[in-house]
Amino acid sequence: MKSRSESLIRLKKFQTDEKRRQVAQIEMMIADFERMASELDQQIEIEQTKTGISDVAHFAYWAFAKAAMFTGAGLIGQTLGHDRIAGLRGIGRALPMTTFGLAFAGAIMLATLSFTFTQKTQDSTVLPPEHKEQIAQALEDDAQVMTLAEAARALG
């Protein structure tokens, strides 16, 4: 029969091995988080390059507004006890600050979206400086062609 001390040694060894496994799992989780953070940084750089917006907070506005909208919807659902749209009549009087928060968050989301779209559109229509002279010359040529056409009509 095994002695009590051998059983205690086996128990301590098992506990030590279990702690080592737990530490190894935590180290793997930390490595995964570092990898995901690196991938997120790369994705942010790609999005900044695509949109031409380098303000990191600009990308967070949308997320904050969306979180505010979900929080407001949760408050309304919890207060009313249901989530049916038909039953939302009078919610502005019952929860005025929550309703204002939802409207404000929606406005932020629309503004962020329209600003991004406008910025992208403006960036795509800007002409390089070397082409400005060529375009100015083409516009002058078009103006001369129009005046010749008008002269031909007048003579015609």
Q: Tell me which residues, restricted to segment 45-68, are within 22 Å of Leu110 (Cα to Cα), part of a helix (DSSP H, G or I) and of a type in the set (D, E, K, R).
A: Glu47, Lys50, Lys66
Q: Run down Thr71, Thr79, Thr98, Thr121 and say which single residue is modelled with pLDDT under 80, in a helix (DSSP H, G or I) and not aliphatic (A, V, I, L, M).
A: Thr121
Q. Could you give every pair whose Cβ atoms fall below 8 Å, whose first residue belongs to segment 38-57 and is within 19 Å of Thr112 (Cα to Cα), and whose second residue is small (Gly, Ala, Ser) and modelled with pLDDT under 80, counting only separations of at least 6 or pairs across chains?
A. Gln48/Ser54
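The values are calculated or read from the model by the stated rules, or taken from the named source; none is laboratory data. Computed from a predicted model, the values in this text were never measured in an experiment. Neighbour counts are summed over all protein chains in view; Cβ atoms, including those assigned to glycine, are modelled from backbone coordinates with ideal geometry.
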